[in-house]
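Down below is the structure, laid out as structure tokens.
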Amino acid sequence: MALIPVPVQLHQKGPQTLGISWSDGVESEYAVRDLRLNCRCAHCVDEWTAEKRLDPATVPMDVRPKKIEPVGRYAIRFVWSDGHDTGIYTFDLLRKLANSN
């Protein structure tokens, strides 16, 4: 079983860009608003149908993380400037989001 890479450093790359350095040497960049729009919590995505419930028009263009916290050894939780704080971004999800940009 292959180990999932873990973040070793999170850093601000610019006003709206977050960078993650991974344990396998990969460097990823994320537009912070795109991260917010990809929240997978029950408020943002229907738990039964997986349909997105979050209206992008309700997320400010300048949304940013106010706080970033680890969740166990598998995820990161963001506290967003728009008040949202219930989403957990697994390391696997973050890697997929980096590859989709």
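Values quoted throughout were computed directly from the atomic coordinates according to the rules given, and no laboratory measurement underlies them. Just so it is clear, the model here is predicted, and its values are computed rather than measured. Because the Cβ atoms are built from the backbone with ideal geometry, glycine has one as well, and the counts that use them run over all protein chains shown.
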Amide H to amide H under 5 Å from LYS13: which residues, 5+ apart in sequence or cross-chain, H placed 1.01 Å off N in plane?
-> LEU18, GLY19
Using alpha-carbon coordinates, inclination of helix 91-100 to the longest axis of the chain, degrees | 80 degrees
For ILE88, list long-range residues whose amide hydrogen, built 1.01 Å from N in the peptide plane, is under 5 Å from its own amide hydrogen.
-> ARG40, CYS41
Karplus couplings for segment 56-71 from phi (6.51 cos²θ - 1.76 cosθ + 1.60, θ = phi - 60°), rounded to Hz, Gly and Pro as x?
-> x, 5, 8, 9, x, 4, 9, 4, 8, x, 8, 8, 10, 10, x, 10
Heads up, the chain by the C-alpha gyration tensor (a ≥ b ≥ c square roots of eigenvalues; a/c under 1.5 rounded, else a/b over b/c prolate, else oblate) looks oblate
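Give me LYS96, LYS13 ranked fewest to most by other Cβ atoms within 10 Å of their Cβ, as a rough exposure proxy. Don't skip to the answer; put the middle values down first.
Numbers: LYS96 11, LYS13 14.
Ascending Cβ contact count within 10 Å gives the list LYS96, LYS13.
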